[in-house]
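Structure first, commentary second.
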Amino acid sequence: NHSACHLLQYALRTVLGSHVHQSGSYYDDHRCRFDFSHFSAMTAEEIAKVEAMVNEMILADMDVVVEELPIAEAKNKGAMALFGEKYGDIVRVVTMNDDCVEFCGGTHVSKTGQLGVFKIISESSVAAGVRRIEAATGMGVLELLRDAEAQLASCAKELKLENRTEVPAKVAS
């Protein structure tokens, strides 16, 4: 999911603008959390665009190339560095496409397709000018689907419905 965070940052910068920069992240084998600079809540349309862009890059099954380069060469390649970080003469660069190039010392998949699928769970504010996206990938997305199906089945049962597809109409009435 470290790789998913890179794809997410690329998609956020594409959809929201180049002012977006990472403010923190966390990831494990099922989920990722990504904090970023942005001045307002994302719209549902922006969230959908970002999610679709990340999934397109995952499904493209792009190579994830990791190389150690002189810092000047990395910068010429367009690699994005974290603001305020100190870097040596040789830096580690992770590239997922011509535009998704970052300085990074973390662990990554070898191909984006290994992430499976990407689903944004939430987008929220964590501080003034800092937003947070929580997302799931792969088996984490399947867990979300199982949970959503169980919740919908529970609602249908409480509403005494035989078919879960009837829930929205019953709730509206």
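The values are calculated or read from the model by the stated rules, or taken from the named source; none is laboratory data. Not measured: the values here are computed from a predicted model. Methodologically, a virtual Cβ is constructed for each residue, glycine included, from the backbone with ideal geometry; neighbour enumeration extends over all protein chains shown. Only protein heavy atoms, including side chains, enter the accessible area calculation; ligands, DNA and RNA are left aside. Shrake-Rupley method; radii C 1.70, N 1.55, O 1.52, S 1.80 Å.
Against the chain, whose longest principal axis is taken from its Cα atoms, helix 138-158 shows a tilt of about 20°.
Each residue of region 68-76 is assigned a 3J(HN,Hα), and the resulting list reads 9, 9, x, 4, 5, 5, 4, 5, 4 Hz, derived from the Karplus form 6.51 cos²θ - 1.76 cosθ + 1.60 (θ = phi - 60°), x at Gly and Pro.
Axis of helix 44-59 versus longest Cα principal axis of the chain: the two differ by about 60°, to the nearest ten degrees. In this view, the solvent-accessible surface of H30, computed with a 1.4 Å probe and all protein chains in place, comes to about 60 Å². Which residue, chosen from A60, H21, C100, occupies the Cα position most advanced towards the positive end of the dipole of region 21-106, where the dipole is computed from +1 (Lys, Arg) and -1 (Asp, Glu) charges on Cβ about the Cα centre? Ranked along the dipole, the leading option is H21. The accessible surface of region 1-142, taken with every protein chain in place and a 1.4 Å probe, is 52 percent carbon and sulfur.
Can you check what the net charge comes to around V65, using other residues whose Cβ is under 12 Å from the Cβ of V65 (Lys, Arg +1; Asp, Glu -1)?
Once positives and negatives cancel, what remains is -2.
D by Stokes-Einstein for the chain, Kirkwood Rh over Cα pairs, 4 °C, 1.567 mPa s: 73 µm²/s. Would you check the chain for Lys pairs whose C-alpha atoms are within less than 23 Å, ignoring same-chain pairs closer than 8 in sequence, and give me the count? Here the count comes out as 8.
Using a 1.4 angstrom probe on the protein heavy atoms only, could you order I90, I120 from most to least accessible area?
The ranking, largest first, comes out as I90, I120.
In this structure the chain gives 57 Å² per residue of accessible area when probed at 1.4 Å with all protein chains present. Helix content alone sets the calculated 222 nm mean residue ellipticity of the chain: runs of n ≥ 4 DSSP H residues at -39500 (n - 2.57) each, divided across all residues, give -11500 deg cm²/dmol. Against the main long axis of the alpha-carbon atoms of the chain, helix 2-16 sits at an angle near 90°. Note on V65 and D89: with the Förster distance fixed at 30 Å, the Cβ-Cβ geometry gives a FRET efficiency of about 0.90. Residue by residue, region 106-113 carries 3J(HN,Hα) couplings of x, 8, 9, 5, 8, 9, 4, x Hz when phi is fed to the Karplus relation 6.51 cos²θ - 1.76 cosθ + 1.60 (θ = phi - 60°); x denotes Gly or Pro.
Ordering V167, L145, Q114 by the projection of their Cα atoms onto the charge dipole of region 111-167, which places +1 on the Cβ of Lys and Arg and -1 on the Cβ of Asp and Glu, puts Q114 at the extreme positive end. Evaluated with a Cβ-only charge set (Lys, Arg +1; Asp, Glu -1), the chain carries a dipole of roughly 420 debye about its Cα centre, given to the nearest 20.
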